[in-house]
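Nothing in this text is a laboratory measurement; each read-out follows from the coordinates by a stated rule. Here the structure is a predicted model, which means the values were calculated and not measured. In this analysis, Cβ positions are derived from the backbone assuming ideal geometry, glycine residues included, and neighbour counts consider all displayed protein chains.
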Amino acid sequence: MLEAVERKISQYIEDLNDADAIALYTKLPHGKRLRAKLILKIAGSSLVSIKTAAIVEMIHAASLLHDDVIDDAFVRRGTASLNAIYGNKTAIMLGDILYSKGFYELNNIDKEVSKVISNAVVQLSLGERNDVLLSERFNSDKQKYLKMIYQKTASLMEASAEAAALLAGKPRETYRTYGRNLGIAFQMIDDLLDVIQTSEQLGKPAMHDYEEGKVTLPFIYLYESLDQVEKLRLTSLHAQRLSSDDQQWITIKMNEYGIVQKCFAEAKILVEEAISLMNEAGENSLENIARSMIERSF
Ligand code: FPP
Ligand code: MG
């Protein structure tokens, strides 16, 4: 049923009646459509679920277009990002088009659904800002990190699940928690992959987050485990270009302290909690989406 979502997005873009916007949109890789999958699995594939899924994916795509400009990222989904090909201005403007058309269409959906989604987009924007602010200096505060990834990533997954529950007349709180746990686990794994995968696997430089100043969960845990001298070495590397010796040292220390396992276990707890919520609700098909959160390799 994801094809119906793709068709709805294409229809919304066609509605704009603007050849340039249509051409630019065709250049955008689609991604996993995780949020749309979540909505359709929870709410079924009625017209209103398809519209909600399309709107959420348009907003998500807009946020990534802006994020790649903010992060100076030239690779997205293994290929050149739109900002790398057409420049920052074009990427921002396509983001604005997708975002505003998404909001326009959101107006035609149930008021409560629209409130849930639009509130999540506020959180998303605050989360992106906090991500940038936290990157300015070495952040060893796990609570600040967790709040930021909740806002930046989990809020829209939480809202997708809650909105879908509203559409389907299911208990919103249960699905909201399910979506939130999935979102936090998703970002934790994303942050972990940046540390454990090679640049070939990632399609972007490895440990780039730390070079960008982002002190993600593996780095927070590593910092907590290191002795004073090692702590100094780690913080001196913050927001710097890492040599292969530095990268190797970080990997060795992460192995020594079992950091990867520790982060993975934390994401797994959230996913297991989400799965048991769905099992209690008799929604066994939502288990696979939850599992794919921690079993993914990109
Ligand atoms: C990716 O994080 C970024 C997000 C999930 C949120 C981006 C949000 C905004 C730019 C604000 C909202 C803007 C609009 C237009 C709605 P990441 O950089 O950690 O992940 P990545 O590795 O996929 O880039
Ligand atoms: Mg980014």
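A few notes on this one:
- Over the chain: helical MRE at 222 nm, DSSP H runs n ≥ 4 each giving -39500 (n - 2.57), nearest 500: -23500 deg cm²/dmol
- Stretchable slack from GLU173 to HIS30, in nm (0.36 nm times residue separation minus alpha-carbon distance): 48.5 nm
- Cα centroid of the stretch 219-290 to Cα centroid of the stretch 57-90, whole Å: 26 Å
- Residues ILE252, ILE55, sorted so that the one with the fewest Cβ neighbours within 10 Å comes first: ILE252, ILE55
- Counted residue by residue at 0.36 nm each, then reduced by the alpha carbon distance between them, the extension gain from VAL229 to GLN143 reaches 28.5 nm.
- Relative exposure of ARG129, ARG176, judged by other C-beta atoms within 10 Å (fewest first): ARG129, ARG176
- Under 5 Å between amide hydrogens, built in the peptide plane, is the criterion, and for VAL75 it picks out SER81 among residues at least 5 positions away or on other chains.
- The gain in end-to-end length when the LYS89 to ALA19 segment is fully stretched comes to 23.4 nm, 0.36 nm per residue minus the alpha carbon separation.
- Exposure proxy order (Cβ contacts within 10 Å, fewest to most) of PHE219, PHE138, PHE186: PHE138, PHE186, PHE219
- Ordering 45-51, 35-41 by mean Cβ neighbour count within 10 Å, with the highest value first, yields 35-41, 45-51.
- Proportion of all alpha-carbon pairs of the stretch 113-172 beyond 14 Å (%): 57 percent
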